[in-house]
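Undergrad: Structure incoming, see below.
The values are calculated or read from the model by the stated rules, or taken from the named source; none is laboratory data. Model, not experiment: these values are computed from the prediction. Here the Cβ positions follow ideal geometry from the backbone for every residue, glycine too, while neighbour counts run over all protein chains shown. Surface areas here come from the heavy atoms of the whole protein model, side chains and all, with no ligands, DNA or RNA. Shrake-Rupley method; radii C 1.70, N 1.55, O 1.52, S 1.80 Å.
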2 protein chains.
Amino acid sequence: MKKRLMARSVDTRERLLNAAESLLAERGIEATSMRAITSLARVNLAAVNYHFGSKEGLIVAVYARRLGPVNKERLALLAAAEGAGAKPVLNDVLRSYVAPVMHLIHDASRGGEVFMRLLGRSLYEPGDYLGQLFRDEVEPVLNTFTAALHRCLPQLSSEELFWRMHFGGGALAYTLAQIHRLEMLSKGACDPKDVEGVISRLVDFVAAGMQTGGQQVRTKKK
Amino acid sequence: MKKRLMARSVDTRERLLNAAESLLAERGIEATSMRAITSLARVNLAAVNYHFGSKEGLIVAVYARRLGPVNKERLALLAAAEGAGAKPVLNDVLRSYVAPVMHLIHDASRGGEVFMRLLGRSLYEPGDYLGQLFRDEVEPVLNTFTAALHRCLPQLSSEELFWRMHFGGGALAYTLAQIHRLEMLSKGACDPKDVEGVISRLVDFVAAGMQTGGQQVRTKKK
DNA sequence: CGCTTTTTCATACGCTTGTTTGATAGTATG
DNA sequence: CATACTATCAAACAAGCGTATGAAAAAGCG
């Protein structure tokens, strides 16, 4: 209906999204003020409320802009991996989920890297801000991958599969959130710029964890 | 030197620590105001600055109170596991690190459960608040466990070990942070109250990931 | 051009934030 | 009892917050 008829500056909306994205990734949601955002974006304070209605509206828009493409690519890769007809390979399924979001790091000039960190953090604190966005955007994708993983690991119960996906998700989220600090934390031992290497290591780690027979005796206590 | 000579009420300090702990776990640091804390603790607003100097002082005290005992127990369990003299078993080492912090959940009446969640979140955003505390309290423990793990997995390079510890740490942190929501997220499939079960599953998962041979070709790019 | 719509801007509003103050009450110690 | 120290309290502080307003500027369009 009503839409952009022109662009007064180089698009205030984009500038706001980019500025918000990087500040949110660095400081978190609550610690990032609209004045900090608008000042970094070199834009008037009122622009946020004009373009996005509220601070919350801006934040949701930051996520929505990136999440859609990533999830589309995930599903495309999964379809390709399963399209072979044969039983899908676990590593390929995991890689389909991991690679698209990891590749955001290449997108540094366009802010993808910074969003990667933001996304990693958000998985830990899905406040009320993002409830609906997550239900609409990520839950369907997660369900699709759950089914695919269950096809790779038919011997696992739903409960067991859920736990292992949870652990794997934690490893992924932590990596997304911390990758920019890893070189420092490891005292130079790790090279996070080797993205393909990181993806392979993570996928191998999670695949092994998912396939383990374990030595546990699972006596579920009532 | 100077210390508590009496306790006017039932110890304002404890009440503040408990109130802060639960609010921080629920809402995060920035979103928790001192007025919310003092009101929950039924204590005067100025008490925070009197007893802890500042909001930051209170927060650091919240962590310090729990972190010390947990890390002591970790080291004790590790010593017991390695004391056998023989080469330590990977699962035992991992369990020594995981079990003490997971057992905080039993401590619900004394706020341990709520701290568990707070700790999980904090691992994602170690802001400047906790820098020194982490350097003093957790880094030495982490180094001890790194050495023990390297003894279990001598075939791994330092780099490879670091990556796998990182992934495992992510799985742990995520579990700590989300355990109170897991029953809901899994639509009832998971029972997070079976703490020993959760520990076993997590330890098995991480142990498998750490031991994987992988099928990767690691051509580190310059 | 003139008219309308979209966008920018400076400014201000009401509210909450963490911290400080100075008075007051309680307890210990000489 | 008197003195000193510890603790609590109500009130106020400046600063920052997200949001709203109304006018000015820019752009589309006949």
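Undergrad: Say we look at region B:13-47 and pick out the residues that are touching a Gly at 6+ places or on another chain (Cβ under 9 Å) and polar (S, T, N, Q); which of these is farthest from DNA strand C (Cβ to nearest atom)?
TA: Within region B:13-47, the match that is farthest from DNA strand C (Cβ to nearest atom) is B:Asn18.
Undergrad: Of A:Tyr97, A:Tyr50, which residue is within 16 Å of DNA strand C (Cβ to nearest atom) and aromatic (Phe, Trp, Tyr)?
TA: A:Tyr50
Undergrad: Quick one: count up the residues across region B:35-65 that are under 12 Å from B:Ala19 (Cβ atoms) and open to solvent by 40 Å² or more (accessible area, probe 1.4 Å).
TA: Residues that pass the stated criteria total 4.
Undergrad: Of all residues in region B:164-203, how many are under 19 Å from the mean Cα position of the chain (by Cα) and open to solvent by less than 30 Å² (accessible area, probe 1.4 Å)?
TA: 25
Undergrad: What about B:Leu78, is it within 14 Å of chain A (Cβ to nearest Cβ) and more than 16 Å from DNA strand C (Cβ to nearest atom)?
TA: no
Undergrad: Can I ask one more? Any residue at all in region A:23-33 that's modelled with pLDDT of 95 or more, out of contact with any Asp or Glu (no Cβ under 6 Å at 6 or more places or on another chain) and surrounded by fewer than 20 Cβ atoms within 10 Å (Cβ to Cβ)?
TA: yes
Undergrad: Further, regarding this structure: Restricting attention to region A:126-152, which residues are touching a Lys or Arg at 6+ places or on another chain (Cβ under 8 Å) and open to solvent by less than 30 Å² (accessible area, probe 1.4 Å)?
TA: Answer for region A:126-152, where residues must be touching a Lys or Arg at 6+ places or on another chain (Cβ under 8 Å) and open to solvent by less than 30 Å² (accessible area, probe 1.4 Å): A:Val141, A:Phe145, A:Cys152.
Undergrad: Take the residues of region B:38-75 that are in contact (Cβ under 8 Å) with a residue 60 or more places away in the chain and within 14 Å of chain A (Cβ to nearest Cβ): which is nearest to DNA strand D (Cβ to nearest atom)?
TA: B:Glu56
Undergrad: Being more than 7 Å from chain B (Cβ to nearest Cβ) and not β-branched (Val, Ile, Thr) is the filter here; which residues of region A:192-210 pass it?
TA: Result: A:Pro192, A:Lys193, A:Glu196, A:Ala207, A:Met210.
Undergrad: Could you tell me which residue of region A:151-191 is nearest to the other protein chains (Cβ to nearest Cβ), considering only residues that are more than 29 Å from B:Ala189 (Cβ to Cβ) and of a type in the set (D, E, K, R)?
TA: A:Asp191
Undergrad: Another question about this same structure. Out of the helices (runs of 4 or more DSSP H) lying entirely within region A:7-85, which hold 1 or more residues that are within 20 Å of the chain's Cα centre (by Cα) and charged (D, E, K, R)?
TA: It comes to A:12-27, A:55-83.
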